[in-house]
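The values are calculated or read from the model by the stated rules, or taken from the named source; none is laboratory data. Since we're looking at a predicted model, the values are computed, not measured. Quick reminder, even Gly has a Cβ in these numbers, built from the backbone with ideal geometry, and neighbours come from all protein chains shown.
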Amino acid sequence: MAVKQLSPPGIGLPPFLCHRLASSLLFPYLSYGADVFMPTVHMIRKLSMFWHKVHRWTTNCFMSTPTDSLAMEACLPSLGLLRAYKRCQANLSILGSPREIDPATARLPPSVQTPSIHRHSPDHTVLSANNAGSRLPLPWLQA
């Protein structure tokens, strides 16, 4: 009902609103738990088929349009790339939090470098040095 109110009567949603709706409403539902759980191959196939339908809906392309060009036309990456990005961001947030605060970080093996009050190094920027363009951890001795 709320989606119908986004467009004037008889016209339909403009493409930029379709894109915004897909990226802000549909992708969080499709990727729920993707940072922790790995879905089965059958479930990934179903989710990617639905995501291709979202691409077609966003671009108003024909059913015979190849799915690779659909992703570029819709300006929405494939579901596999979005899931990998979400998993990488979750890993960085786990590695960037101290063991004393985050229970997920406390379960990591002791050989993994994480911020801690008891460590002597002022910052461990080596944790995210391989991830170009990702967020860098703040200095941990800062208030």
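Couple of notes before you dig in:
- Checklist (1) assigned to a helix (DSSP H, G or I); (2) touching a Leu at 6+ places or on another chain (Cβ under 9 Å) applied to Pro39, failing item: (1)
- Residue pairs meeting the criteria (Cβ under 8 Å; at least 6 apart or on separate chains; first in contact (Cβ under 8 Å) with a residue 24 or more places away in the chain, in region 96-108; second of a type in the set (Gly, Ala, Ser) and assigned to a helix (DSSP H, G or I)): Gly96/Ser128
- Residue within region 48-60 that is on the phi < 0 side of the Ramachandran plot and small (Gly, Ala, Ser) present: yes
- Filter result for Leu127 (closer than 25 Å to Met38 by Cα, in a helix (DSSP H, G or I), out of contact with any strand residue (DSSP E or B) (no Cβ under 9 Å at 6 or more places or on another chain) and modelled with pLDDT under 60): yes
- Meets criteria (part of a loop (DSSP other than H, G, I, E, B) and modelled with pLDDT of 80 or more) for Phe50: no
- Region 93-114, residues that are hydrophobic (A, V, I, L, M, F, W, C) and either more than 30 Å from Ser48 (Cα to Cα) or in contact with a Lys or Arg (Cβ under 7 Å, 6 or more places away or on another chain) (or both): Ile101, Ala106, Leu108, Val112
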